[in-house]
1. Could you tell me whether residue 248 is in a helix (DSSP H, G or I), of a type in the set (D, E, K, R), touching a residue at least 12 places away in the same chain (Cβ under 8 Å) and more than 25 Å from residue 158 (Cα to Cα)?
2. Being among the small types (Gly, Ala, Ser) and over 25 Å from residue 274 (Cα atoms) is the filter here; which residues of the stretch 24-74 pass it?
3. Scanning for something at pLDDT 95 or above, among the hydrophobic types (A, V, I, L, M, F, W, C) and assigned to a helix (DSSP H, G or I), does the stretch 3-23 turn up at least one residue?
4. Mind listing just one residue for me: the one in the stretch 256-276 that is more than 19 Å from the chain's Cα centre (by Cα) and assigned to a loop (DSSP other than H, G, I, E, B) and, of those, nearest to ligand 2 (Cβ to nearest atom)?
5. Select from the stretch 54-74 the residues that are away from ligand 1 (no atom under 16 Å from the Cβ) and buried (at least 23 other Cβ atoms within 10 Å of the Cβ) and list them in ascending order.
6. Does any residue in the stretch 143-169 that is within 20 Å of residue 257 (Cβ to Cβ) come within less than 8 Å, Cβ to Cβ, of a residue that is among the basic types (Lys, Arg) and within 16 Å of ligand 2 (Cβ to nearest atom) six or more places away or on a different chain, and which pairs are these?
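The values are calculated or read from the model by the stated rules, or taken from the named source; none is laboratory data. Since the model is a prediction, treat every value here as computed from it, not as a measurement. A quick note on method: Cβ atoms are made from the backbone with ideal geometry, for glycine too, and the neighbour counts reach across all protein chains shown.
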Amino acid sequence: MTTTANIPAIQAPHLLADTDLTADELQALISLAVDVKRSPARYATALAGKSIALLFEKPSLRTRVTFELAIQQLGGHSVFQDHRDGRIGEREPAKDMARNLDRWVDAIVARTFTQQILERLAQWSSVPVINALSGKYHPCQAMADFQTLYERFGSLKGFKMAFIGDGNNVCHSLMLCAARLGVSLTVATPPEYEPDAEVVAHARAIAPSSGAAIELSFDPRQAVSGASAVYTDIWTSMGWEAETQQRRVAFAGFQVNDELMAETAPNAVFMHCLPAARGEEVTDSVMESPASIVFDQAENRLHAQKALLLMFLAGKRS
Ligand code: CP
Ligand code: NVA
């Protein structure tokens, strides 16, 4: 049985960055994700007859599998287009691709190197374009991460977390969501690897509305002090492989290990979007510790993305 009548709709036409969801929509998405997880059968036909294209320029385990399963488990079907051997826009312009795809499918889920190519697809698509990771943002990851924290801690208002490592796409999305959910986030990076200044300014502009504080630091110990969640990501994101060696040197003091976890608030959790490079940004010991909730995060990718698809495709638009 489908209960789409009460599903709130996302008002923005696309999800290119986290800021395309209002604070209320983000809260509603987390609530819906919790319900979808608890009662999947209620939504089993919600996307009946809907087709969704997945365009991926980079490898993926979690995002691809969870989007394909989410669509299938909601009664729709997906078509995967692998662009790893040639970027979107190479064989034909993105604006032409968008205008082909929107004649056939109800949404386009795209993983791209640049934010610009995602924006180009969206500019020309009459159906929603959803960011499945770009060089700048990873909104689907952040949604699942905050669902995971909400389930674990019950409330997000006043929660304190630290992000240690590279000020990258995952970090940007966490900052923008934290700022709207009342989560105070301190980001500790080496100099020159800070998050994008515009994203920081945007998150800081939003934060007062929720009571959150968004801080930057060069000191991992200071960042994790009092934090109930410590988050890290790989030092070399996809597309930056030429810098791997130089990044190993720059990030050497930014490993999340048992010593760093000992500086957190009591009962703090460890988070990672995965894949992880054990021995680099995180030790095996922390990954395998009782504090680690990385597989809960991965599981929730499925539920959060179901909620997102429902709000885009089954939600009532006013
Ligand atoms: N966390 C994440 O997005 O994983 P994949 O790159 O495997 O999709
Ligand atoms: N920051 C990483 C996230 C992988 C899920 C990357 O972009 O490669």
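1. Yes: the conditions hold for residue 248.
2. Within the stretch 24-74, 28, 39, 41, 44, 46, 48, 49, 51 meet the criteria.
3. Within the stretch 3-23, one or more residues are at pLDDT 95 or above, among the hydrophobic types (A, V, I, L, M, F, W, C) and assigned to a helix (DSSP H, G or I).
4. 257
5. 74, the sole residue that qualifies.
6. 166/247
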